[in-house]
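The values are calculated or read from the model by the stated rules, or taken from the named source; none is laboratory data. Bear in mind that the values here come from a model prediction, so they are computed numbers and not experimental data. Every residue, glycine as well, gets a Cβ built from its backbone with ideal geometry; the counts of neighbours run over all protein chains shown.
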Amino acid sequence: MKNIYTICLVVFVFAFSYAQKIELGNVTLSELNQKAHPDDLTATAAYLFQKGTTTFEYTESDGFYISTIIESKIKIYSKEGYDFGNFEIPYYTPSSGASERVVISKAYTYNEVDGKVDKIKMKGSSEFTEKINSNWSKKKIALSDVKEGSIVEYRVEIKSPYITNFPVWDFQKTIPVNYSEYNTYIPEYFFYNLHQKGTLSLEVKSTKIPRTINYTYTENVIPGMSQGMPKRITNSIDFMVSKTSYVLKNIPAIKNEIFVNNIDNYKVALHHELAGRRMPNSGYDDYATNWETVAKTIYDSENFGEELKRTSFFEADINSLVSSVSDINTRAFTIFNYVKKHMNWNQRYGYVTDEGLKKAYVQKSGNTADINLLLLSMLRYAGVDANPVLLSTRSNGIPLYPNRTAFNYVIVAVEVPDGLILLDATNKFTTPNILPIETLNWNGRLIRKNGSSTAVNLIPNFISKEVTTVLVSLNEDATITGQARILESEYNAFLHRNSSFGLSKESSIEQIEKRHTGIEVSDFNVTNEAELSKPIIRDFSFTHANLAEIIADKIYFSPMLFFAIPENPFKLDSREYPIDFIFPRNDKYAISITIPDGYKIEHLPNASNVMFEDEVIVFKYNIKQVGNVIQLIANVDINQAIVAPVYYEMLKSFFKAVVEKNDEKVIVSKI
């Protein structure tokens, strides 16, 4: 009996202490002195807990509004986790209409000082507000005195007059979460559809609780029927509230491996979609929608479709530009290049204009909508069959259900007999059907003038090439000298121009030498850098002293030289989200290696041909000897941009084979 009592007492004390931790302000020395997360020794930080509560509050002046309180407690383990002492909260602040409000309180940093808990309050200067665009702002916080071992905590309250803006609750983060709890209190008048992302199961508990709202109204006095002042009458309404609690414990960090679109797409999260509303003594208001309705609503808005009708401010310029151009495609591309040259993107996303197309045109600057809707308006004025395409950028995520906030970007589609030509004038290096990487996010929504719309696949289906040709000589001292030519087309050329356009020769050489440790580059030259319709070509000479190794009288080296894939990019045991290569590609290497006089080729690697799942990815490796020259042709073809996670193990094995083949050595020996 005594043992049973002891066990029960221990369990009770543990449960009580755990419950005590799920509140702000309760920081212990043992928490501060914890050096690593018990379930993830690599974690740079961890959420000890995060709690959220969303309720519907009521005022007589505004009616129901949504109030959300978030409380977070985070442990910092290493310097790499310092960023978790900073956070930001986006909120809706339209140019017209009511804005959401954000209040941050109870923001503290805790440290261990001389064996005691030291509590540092957030300084007023650590809170900032930043305008994102005409409709959104964000509150930014930087807590002070954050160091290894610190615990930071804060409380955020968000008040929103928009019942459609129900907050998204992220249970999973890029760091471990010990405990996450989200509570919702939804009056019987509102109906929401739930959408859960991720693969972990939530603990869900629901109950009904009564609530009463008191309100006051004025009873008018009917002339001739009574006397005195109008009466103020207080009344009340009783209704039921659905309380639902969602809990998830010991949530592992979601690992952001290579070739992932946006890791937030795959985190465990809960979304609420407003389906309808039935207020007292009223009918049912249906809020459920579809993509066609969303697209048409956006098109008909003042800062979108109405802006497209205003053309007088640019008509003279466009007439001068294309009046003598009869071919419709040439006319379209002429206007496209004109807008790219004339306009400058201000780094703001948006599918509606910030201040209007005329002002943006005069100022030569604007957000993505200012620039691309200007392009669209000019194309239509010039007789080109063009329409807008709404999309969500990679950083904005993949929409789960139809809603206006699912989109944050707009491009232009020119309709031709063979299909669509997609244009984006916000970037100086885009070309027809070559869009900024940020826009390559599954499907967009094309809207025509008549209000009809259709899905548009944004994932490229054409091959982007990189062809590397190398002529080298292997010297007796195991150094290698040679010349290389790298030709890049389509998206490969776009990426290179986007990162390296206008670099000096010295900076370009430094780039190559930084990428390939041990190489010394000279005689660098670039061709077609400014001719966007042509492949970009880089030529350079090089020497390298660390690619070959002398053992006895033999020289060992990989014929892939410094182009070999050094390690398998896929390292996780398993993966639950797609592998995103962004665009299909072909990487080809043609390498000729002349061995020194007085040497013979003793060993060559075997040829290899590795295929992955119906030739979605193919690796070919063909090598032969022609006199004293080794000739290698190697290809890696990725014919599909996105690979389902079910194939992860196979893909991991595929790249393991490629890395091993790349590492195989040629052996040459003295005659």
Query raised in the report: Is there any pair with a first residue in the range 610-621 that is in contact (Cβ under 8 Å) with a residue 12 or more places away in the chain and a second that is polar (S, T, N, Q) and outside any strand (DSSP E or B) whose Cβ atoms are under 6 Å apart and which are 6 or more apart or on different chains, and what are they?
Result: Val616/Asn639; Val616/Gln640
Report summary line: Inside the range 22-65, the number of residues satisfying the requirement of being closer than 20 Å to Lys249 by Cα and not in a strand (DSSP E or B) is 14
Query raised in the report: Which of the residues belonging to the range 256-300 are polar (S, T, N, Q) and either within 23 Å of Phe191 (Cα to Cα) or at pLDDT below 90 (or both)?
Result: Asn256, Asn281, Ser282, Thr289, Asn290, Thr293, Thr297
Query - Selection within the range 280-333 - in contact (Cβ under 8 Å) with a residue 40 or more places away in the chain, assigned to a helix (DSSP H, G or I) and among the polar types (S, T, N, Q) - result: Thr293, Thr297, Asn329
Query - Selection status of Arg394, in contact (Cβ under 8 Å) with a residue 40 or more places away in the chain, closer than 30 Å to His272 by Cα and assigned by TED's automatic domain parsing to the domain that holds Glu307 - result: yes
Query raised in the report: Only one of these conditions is not met by Glu520: (1) in contact (Cβ under 8 Å) with a residue 24 or more places away in the chain; (2) farther than 30 Å from Ser653 by Cα; (3) in contact with a helix residue (DSSP H, G or I) (Cβ under 6 Å, 6 or more places away or on another chain). Which number is it?
Result: (3)
Query raised in the report: Glu520 passes all but one of (1) farther than 30 Å from Glu257 by Cα; (2) surrounded by 13 or more Cβ atoms within 10 Å (Cβ to Cβ); (3) under 32 Å from the mean Cα position of the chain (by Cα); which number fails?
Result: (3)
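Yes/no per residue for (1) more than 26 Å from Ile463 (Cα to Cα); (2) in a strand (DSSP E or B); (3) not assigned by TED's automatic domain parsing to the domain that holds Asn265:
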| residue | (1), (2), (3) |
| --- | --- |
| Asp523 | yes, yes, yes |
| Tyr556 | yes, yes, yes |
| Glu567 | no, no, yes |
| Phe570 | no, no, yes |
| Ile582 | no, no, yes |
| Pro605 | yes, no, yes |
| Asp614 | no, no, yes |
Query - Enumeration of residues in the range 360-416 that are of a type in the set (Val, Ile, Thr), within 20 Å of Val294 (Cα to Cα) and either buried (at least 24 other Cβ atoms within 10 Å of the Cβ) or in contact with a helix residue (DSSP H, G or I) (Cβ under 8 Å, 6 or more places away or on another chain) (or both) - result: Thr368, Val389, Thr393, Ile398, Val410, Ile411, Val412
Query raised in the report: Are any residues in the range 455-470 over 21 Å from Leu423 (Cα atoms) and surrounded by fewer than 16 Cβ atoms within 10 Å (Cβ to Cβ), and if so, which ones?
Result: Thr469
Query raised in the report: Out of curiosity, is His516 in contact with a Leu (Cβ under 8 Å, 6 or more places away or on another chain) and within 25 Å of Leu604 (Cα to Cα)?
Result: no
Query - Which listed residue, of Ile509, Ile486, is crowded, with 19+ Cβ neighbours inside 10 Å, assigned to a helix (DSSP H, G or I) and more than 28 Å from the chain's Cα centre (by Cα) - result: Ile509
